[in-house]
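Visitor: Structure in structure tokens, see below.
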Ligand SMILES: [Zn+2]
């Protein structure tokens, strides 16, 4: 699933191609991506005609496309959702699901989704923040993000540190990749208990998360599973800058010890066994 930097790359690409444009026509090629619209695909398409896009917005990994009328198109990228701008005469990429045409006759917006866990839905009154995602916490790129408050709430939880970082109601935007990278940066084990974590360490990890996501954004994001691309269909190249994620058996960039991959929440956690030693039993919460 794309994390904050990848979604922000997509948001910026959409901002360049959408602001001020009015929808003339919507074609739903497969009903599954619009399944959250309860009145069906035809109604979804009809509801969008005549609406004009304002600036696309994001909170954490969640993206929405506000209209100037105060409603919004909520976009769930899921595992493999992508937006592309293409001339409306160009051949459709495989797995193209929804086409959006504009009154200016310019590039068509296409929603492509191979696995179809993602989708589009109309959020009434959702321009400022769709109700569907109002429980998502602010992310480190949000001007109103409050690091002290996140640190306080993190240390108030009785859980493991990586589990807390992945909790989108604590801090938005961090997924498996950037959690592992920030824990490595701060030299902390993923199962370190949050309730006994020193305040200084909590600040270090969260600061590292913001920094590594900013670096990834500057590289166009991470295209680790090849399913994430920007609106031009191009991949990001932060993959090569990853220190531990996806690097099992490779040397730690700091100390040279082989990186380990361990099972974690039905997925994996990557760590350097020397830089990120397992906490003592009393401080271990996986
Ligand atoms: Zn190391």
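The values are calculated or read from the model by the stated rules, or taken from the named source; none is laboratory data. Remember, it's a predicted structure, so these values are computed and weren't measured experimentally. Neighbour counts are summed over all protein chains in view; Cβ atoms, including those assigned to glycine, are modelled from backbone coordinates with ideal geometry.
Visitor: Within segment 175-194, take every residue that is farther than 16 Å from residue 274 by Cβ and within 16 Å of the ligand (Cβ to nearest atom) and give me the one that is surrounded by the fewest Cβ atoms within 10 Å (Cβ to Cβ).
Guide: Step by step, filter segment 175-194, then rank; the result is 182.
Visitor: Kindly evaluate residue 240 against the criterion of being assigned by TED's automatic domain parsing to the domain that holds residue 166, over 26 Å from residue 113 (Cα atoms) and not in a strand (DSSP E or B).
Guide: When the stated conditions are applied, residue 240 does not pass them.
Visitor: Tell me which residues, restricted to segment 132-151, are surrounded by 17 or more Cβ atoms within 10 Å (Cβ to Cβ) and either on the phi > 0 side of the Ramachandran plot or assigned to a helix (DSSP H, G or I) (or both).
Guide: If the condition is that a residue be surrounded by 17 or more Cβ atoms within 10 Å (Cβ to Cβ) and either on the phi > 0 side of the Ramachandran plot or assigned to a helix (DSSP H, G or I) (or both), then 133, 150, 151 are the ones that fit.
Visitor: Would you mind finding the one in 154, 129, 120 that is assigned to a strand (DSSP E or B) and touching a residue at least 40 places away in the same chain (Cβ under 8 Å)?
Guide: 120
Visitor: Let me ask you something else. Collect the residues in segment 258-273 that are surrounded by 13 or more Cβ atoms within 10 Å (Cβ to Cβ) and either farther than 21 Å from residue 166 by Cβ or more than 10 Å from the ligand (Cβ to nearest atom) (or both), keeping them in residue-number order.
Guide: 258, 260, 261, 262, 264, 265, 268, 269, 270, 273
Visitor: Further question on the same structure: Residue 213 fails exactly one of the following numbered conditions: (1) under 30 Å from residue 110 (Cα atoms); (2) modelled with pLDDT of 95 or more; (3) exposed (fewer than 15 other Cβ atoms within 10 Å of the Cβ). What is the number of that condition?
Guide: Here residue 213 meets the rest and fails (3).
Visitor: Go through the residues of segment 195-202 one by one and say whether even a single one is out of contact with any strand residue (DSSP E or B) (no Cβ under 6 Å at 6 or more places or on another chain), crowded, with 20+ Cβ neighbours inside 10 Å, at pLDDT 90 or above and part of a loop (DSSP other than H, G, I, E, B).
Guide: Within segment 195-202, one or more residues are out of contact with any strand residue (DSSP E or B) (no Cβ under 6 Å at 6 or more places or on another chain), crowded, with 20+ Cβ neighbours inside 10 Å, at pLDDT 90 or above and part of a loop (DSSP other than H, G, I, E, B).
Visitor: Any chance you could count how many residues in segment 233-257 are away from the ligand (no atom under 16 Å from the Cβ) and over 25 Å from the mean Cα position of the chain (by Cα)?
Guide: Residues flagged as away from the ligand (no atom under 16 Å from the Cβ) and over 25 Å from the mean Cα position of the chain (by Cα) within segment 233-257 amount to 0.
Visitor: Something else about it: Kindly indicate which of 172, 156 is in contact with a strand residue (DSSP E or B) (Cβ under 6 Å, 6 or more places away or on another chain), outside the structural domain of residue 81 (by TED's automatic domain parsing) and over 20 Å from residue 275 (Cβ atoms). Break it down stepwise before answering.
Guide: On the way: 156 fails: in contact with a strand residue (DSSP E or B) (Cβ under 6 Å, 6 or more places away or on another chain).
Residue meeting the stated conditions: 172.
Visitor: Given the conditions (1) more than 22 Å from residue 140 (Cα to Cα); (2) assigned to a loop (DSSP other than H, G, I, E, B); (3) more than 16 Å from the ligand (Cβ to nearest atom); (4) in contact with a helix residue (DSSP H, G or I) (Cβ under 8 Å, 6 or more places away or on another chain), report the number of the one that residue 276 does not fulfil.
Guide: (3)
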